[in-house]
Amino acid sequence: MAEKESDLKKLKENYKKIQDAHHLPNFDKLNADFAIEKAAEIETDFLIREIARIMAEKFSNYLRLVELILNPANSQMFIFSLIKTMGEEEKKKLSEIYKELAKIELNLIELDVDFSEKKEAEFINNSYKTWMNMKKDFLGVIEKIKSNWDNKHENNNKGYFG
């Protein structure tokens, strides 16, 4: 446990250096939303790249989820259950979220092809700001789904079992 704390302390110290150099978000705030403390387990000369990759993982996961909801062909039943609880307003918000996540994904591809510490820092700053705005809308959609779940979720026991 002491080694983990030591790794995390070292990560925070190293992050502080790049935070000051590039005006990055506060470690604790970034960590709360993206679990960047995972970078403590990775030995790297490019901490800023690792932080961007950790953030990218979350963005990519949400992009895939929103994609499945907006285009549910061959999706799991869970996705169809979510869709049933959504109104046009929620679908519109998810479309807007999708566009923002797609832009982030494009930026990630560019960063992967052409590493630049400055560009990585810009990505972290810009995508963090985008996430802070986007997550409010995302949470609104989730709350609406949850509030409609019992009202619109049908369990008609007519599933196909072969």
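Values quoted throughout were computed directly from the atomic coordinates according to the rules given, and no laboratory measurement underlies them. Note that the structure is a prediction, hence the values are computed from the model and not measured. Neighbour counts are summed over all protein chains in view; Cβ atoms, including those assigned to glycine, are modelled from backbone coordinates with ideal geometry.
Among the chymotrypsin sites (Phe, Trp or Tyr not before Pro) in segment 1-72, those placed in a DSSP loop whose Cβ has at most 14 other Cβ atoms within 10 Å are 46.
Applying 1/(1 + (r/R0)^6) with R0 = 35 Å to the Cβ-Cβ distance of residue 112 and residue 92 gives a FRET efficiency near 0.70.
Per-peptide packing, taken as the mean over residues of other Cβ atoms within 10 Å, places 101-107, 19-25 in the sequence 101-107, 19-25 from highest down. Taken about its Cα centre, the chain carries a charge dipole of roughly 580 debye when the Cβ of each Lys and Arg holds +1 and the Cβ of each Asp and Glu holds -1. For segment 17-65, the list of GluC sites (Glu not before Pro) that fall in a loop by DSSP and count at most 10 other C-beta atoms within 10 angstrom reads 43. The residues neighbouring residue 43, those whose beta-carbon lies less than 11 Å from its own, together hold a net charge of -3 under the Lys/Arg +1, Asp/Glu -1 convention. Entry for segment 2-152 at q = 0.10, 0.14, 0.19, 0.21 Å⁻¹: log10 I(q)/I(0) = -0.43, -0.75, -1.09, -1.24, Debye formula applied to identical alpha-carbon scatterers, no solvent contribution. Taking the charge dipole of the chain about its Cα centre, with +1 at Lys and Arg Cβ atoms and -1 at Asp and Glu Cβ atoms, the residue from 139, 21, 106 reaching farthest to the positive side is 139.
Screening the chain for DSSP H helices whose Cα atoms reach 24 Å or more along their own axis and whose mean Kyte hydropathy is at least -1.0 gives 47-70, 88-113.
In segment 1-68, inverting the average of 1/r over every pair of distinct C-alpha atoms gives 12.7 Å as the Kirkwood radius.
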